[in-house]
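What follows is a single structure, written as C-alpha cells, with notes after it.
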Amino acid sequence: MAVTEAPGRQLQTPWIERIPAAWWALGFLLLAMPAFANNFWLFQVFGWTFILGIIALSLMFLAGYGGMVSLLQMTVAALGGYMVAILGTSGVEQISLGLPWWLTIPLAIVIAAVFGTLVGALAVRTEGIYTIMITLAIASAFFYFARQNYGIFNGYTGFNLVVPPQLFGVDWRQPTAFYYLTLGCAVICYAAVVYVSRSPFGLALQGVRDNPRRMAALGFNVTAHRIAAYTLASVIAAVGGILLVWQNAQISPGTAGIPAVIDILVIAVVGGIRRPIGPFIGALIYVLLRTFSPDVLSAFGLSNERFKLLIGLGFLAVVFFSPDGVLGLWERWKARRGRRRDPLTGKEAGQ
Amino acid sequence: MSDTDLAAPADRLGSVSAGAALELRGVTKMFGALAAIADVTMTVRPGERRAVLGSNGAGKTTLFNCVTGDFLPTSGTIRLFGEDVTRFPAHERIRRGLRRTYQISLLFGGLSVADNVYLACRGVSRGRFSLLRPFRGDPLLTRAGELIEAVHLTAARDALVSELSYGQQRQLEIALALAGAPRFVLFDEPAAGLSPTERAELVSILNGLPEHIGYIIIEHDMDVALRVAESVTMMHNGRIFKEGTPEEIENDPEVQELYLGDGHG
C-alpha cells in the first residue's frame, strides 16, 4: 500500500484521481447538508453522530490497529469535557477557573491524554479479556469518583452552561456552525488515523497486534508502542469529549457512566472495527435509533424506554451475522456481486 | 544470490569489535524442575558459522530464546560482542546487531511483503515512532527493496504475506533477519519443510552472506548443516555433548551412535 508502493504507480495517477467517485459524492453531500437539512438534523443527528464517531474512532484505532479493546475511551472523552468546564467558564463559578479558550482547550486535551497514557501503561501489561476488565474497572472508578467529588467535579450536578468560545464572531453552538465544527473535527481525526495507519508508527502498531514477539525480535519496544497508541487515541477521544460537552452545554458523571462506556464499544463494533470509517457508520445507526425509535415504539404502544432493546437486538444481529460490523456486510455483498459479473466483459452473468 | 546483494551493511558497520561475538557462560534455563538447558558454555568468534545439532528436546531452540531474550536464563551470563546482555530485553539485543529467524514463521500476515521488510528495517533504525509517512526516496525503502531482491521475492513484493507459499515465507523470514546491520544471526531450522530445490537455494543464500556476519544455525538435515557451517556443536538433553569441525563430528563414534544408532530415519 501507500508506504511501499512501487515508485512508478503514483506518478501516473495524481492523488486527486485516486479518490473514488463515491467519496467525492459523500464529501459534497456533507458540505451541502445545511442547504436542505433542518436544524434538528444538523445539530442533534449529525452533530451527535460526528462526536460519537470521533470517540468510537479512538477505540477503533486501539482495537483495529493495536488489538487492544479499551473501555476507557468514553472516560477519557468525559475527562476532556470536564477539564474544559473546570478550566474555562461554566455556570458553576466557584469552581471554574475562567481561563481563556486558547489555554483551556489544549490543556484539557493534554490532561486527558496524560490520564489515558497512565491508564494505558497499566492496561498494556494485560491481554484480551483482562484489558477489557481493567479499563472497565477504571472507567467505573472515574464515574463514582466524579459523582462523589464536589471539590473539582461538582459531584452529582456536574457543570452547566459550558459553551464553545465566540470565535470570528460566530456562535459555534448555532446549528449550522456546530455542524461544520463537528464535521471538520471528524474529518481531521479520520484523516489523521488513516494517515498514521501507514506511517512507521502505525505499521509497527499493526505488527505488534499481529505478532508482538516478532516485533521485539525486530528491535521494536512493544510496550512503548502500545502505550503510545493509548496517548494518540486519548487525544482523539478528548476532542470528541470537548465537542460533546459543548453540544449538551453541560457535563455530569452520567456522561462517563457505564451505559455510555458500553455504547462506544457497541458503536465501534456495529460499524466495523477494521476500518476508520466504521465507527462513523456505527454512530449514525446508533443516533438514528436513539432519536427515532421512541416514536416508532410508541406507535406500536410500547414504552419509549424500550429503544435499548432495539439497539441490543441490532447489536446481537450484527455480531451474529457479521463480526466485521455493517462495513463487513457491505464488503461481502460487494464481493458477491463482483463474483456474479463476467471478469472479462464486466456484465452480469446470466443465472 | 550474489555477495553484493547483502554487502551493504558491512560498509555501514565500520569495524567489527574484537573478541567473541557471542559468549555463553554456564547458561541454565529451568522450566519448573526441568532443565531445558543446563550449564551451556560456548564461545563464537565474529564471522564464525556454527551449526547446532541435536535431537528434539535437546534444548536448541531454548538456547536461542535465551540468547535473543525471549526468556531470561535461570542462571549464567550471555555476552554479545563483549557486552553483558543477560538482563537486556529482546529489542535492546536486536539493536546491538543480533538477529534471529523462527522455526515456525512469525510474520505479519495482514501486511504485504514490502511492508514486512520495511518494518524490519525500521525496527533497527531511528524513527520507530514516526507519525510521518516515509517519503518516496527514503533510503529504508530502497534497502527493503534490496533485501527482497536478495531473497528472490521481488515478484511477490506487494502480495499479502498470508498469501505466500510456505517456501516463500521461509525466504521472507531470512530477509527480516538481515535488515539493518546484522552482526550475528540465529537461524532456527530454516530448511524445515523445504523442497530439495528450496534447500539448495537456502544453502546458496547462507553461503552468500557477507563474511563479517556470523551465525548459528539449528538444522536437523546433516547435509544442509555440514555445508553451511565451519564448526559444529552437538547438544543432548540440554547439555553440550561434543564440539568440533564437521568432519570430526561426522566421524565421531559417540555421535554416530546417538544420532543414527536408535533407528533414526
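The values are calculated or read from the model by the stated rules, or taken from the named source; none is laboratory data. Source: prediction; values computed, not measured. When we count neighbours, we look across all protein chains shown, and the Cβ atoms used for this are built from the backbone with ideal geometry, even at glycine. The protein model used for the area step is the full one, side chains on, heavy atoms only, and it has no ligands, DNA or RNA in it. Shrake-Rupley method; radii C 1.70, N 1.55, O 1.52, S 1.80 Å.
Of the residues in the range A:291-308, none is touching a residue at least 24 places away in the same chain (Cβ under 8 Å) and open to solvent by 50 Å² or more (accessible area, probe 1.4 Å).
Meeting the requirement of 1 or more residues that are among the polar types (S, T, N, Q) and within 15 Å of the chain's Cα centre (by Cα), the helices (runs of 4 or more DSSP H) wholly within the range B:162-265 are B:166-177, B:196-207.
Yes/no matrix, rows are residues, columns are (1) modelled with pLDDT of 85 or more; (2) of a type outside the set (D, E, K, R); (3) open to solvent by less than 10 Å² (accessible area, probe 1.4 Å):
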site: B:Ser105; (1), (2), (3): no, yes, no
site: B:Gly110; (1), (2), (3): no, yes, no
site: B:Ser130; (1), (2), (3): no, yes, no
site: B:Leu140; (1), (2), (3): no, yes, no
site: B:Val151; (1), (2), (3): no, yes, yes
site: B:Arg157; (1), (2), (3): no, no, no
site: B:Leu176; (1), (2), (3): yes, yes, yes
site: B:Phe184; (1), (2), (3): yes, yes, yes
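To keep it simple, each residue is scored yes or no on (1) closer than 21 Å to A:Ile258 by Cα; (2) assigned to a loop (DSSP other than H, G, I, E, B); (3) at pLDDT 85 or above; (4) hydroxyl-bearing (Ser, Thr, Tyr).
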{"position": "A:Pro34", "(1), (2), (3), (4)": "no, no, no, no"}
{"position": "A:Leu52", "(1), (2), (3), (4)": "yes, no, yes, no"}
{"position": "A:Leu62", "(1), (2), (3), (4)": "yes, no, yes, no"}
{"position": "A:Glu93", "(1), (2), (3), (4)": "no, yes, no, no"}
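Out of (1) farther than 23 Å from B:His91 by Cα; (2) open to solvent by 10 Å² or more (accessible area, probe 1.4 Å); (3) β-branched (Val, Ile, Thr), what's the single condition that is false for B:Val124? B:Val124 satisfies every listed condition except (1). When A:Arg173, A:Arg213, A:Arg209, A:Arg275 are checked against the criterion of being within 14 Å of another protein chain (Cβ to nearest Cβ), assigned to a loop (DSSP other than H, G, I, E, B) and open to solvent by 40 Å² or more (accessible area, probe 1.4 Å), a single residue qualifies: A:Arg275. Scan the range B:48-69 for residues that are of a type in the set (Val, Ile, Thr) and either without any contact (Cβ under 8 Å) to a residue 12 or more places away in the chain or open to solvent by 20 Å² or more (accessible area, probe 1.4 Å) (or both) and the total you get is 2. When the range A:156-170 is limited to residues that are free of Cβ contacts under 8 Å to residues at least 24 places away in the same chain and not aliphatic (A, V, I, L, M), the one that is most open to solvent (accessible area, probe 1.4 Å) turns out to be A:Phe168. Would you confirm whether any residue within the range B:68-82 is among the aliphatic types (A, V, I, L, M), more than 7 Å from every other protein chain (Cβ to nearest Cβ) and either part of a helix (DSSP H, G or I) or within 15 Å of A:Leu218 (Cα to Cα) (or both)? Among the residues of the range B:68-82, not one is among the aliphatic types (A, V, I, L, M), more than 7 Å from every other protein chain (Cβ to nearest Cβ) and either part of a helix (DSSP H, G or I) or within 15 Å of A:Leu218 (Cα to Cα) (or both), which makes the answer no. Cβ separations smaller than 8 Å between residues 6+ apart or across chains give the following pairs from the range A:143-154 residues that are under 15 Å from A:Leu97 (Cα atoms) to residues that are outside any loop (DSSP other than H, G, I, E, B): A:Ile152/A:Ile86; A:Phe153/A:Tyr82; A:Phe153/A:Ile86; A:Phe153/A:Phe145; A:Phe153/A:Ala146; A:Phe153/A:Arg147; A:Phe153/A:Pro253.
For the range B:83-103, how many residues are more than 8 Å from every other protein chain (Cβ to nearest Cβ) and either open to solvent by 50 Å² or more (accessible area, probe 1.4 Å) or at pLDDT below 80 (or both)? Matching residues across the range B:83-103 total 7.
Residues in the range B:118-143 that are more than 7 Å from chain A (Cβ to nearest Cβ) and closer than 30 Å to B:Ala20 by Cβ: B:Cys121, B:Ser125, B:Arg126, B:Arg143. Selection of the range B:104-117 for residues being part of a helix (DSSP H, G or I) and facing chain A (nearest Cβ under 7 Å) yields B:Ala114, B:Asp115.
Evaluated against (1) at negative phi; (2) within 14 Å of the chain's Cα centre (by Cα), A:Gly272 falls short on exactly one condition, (1).
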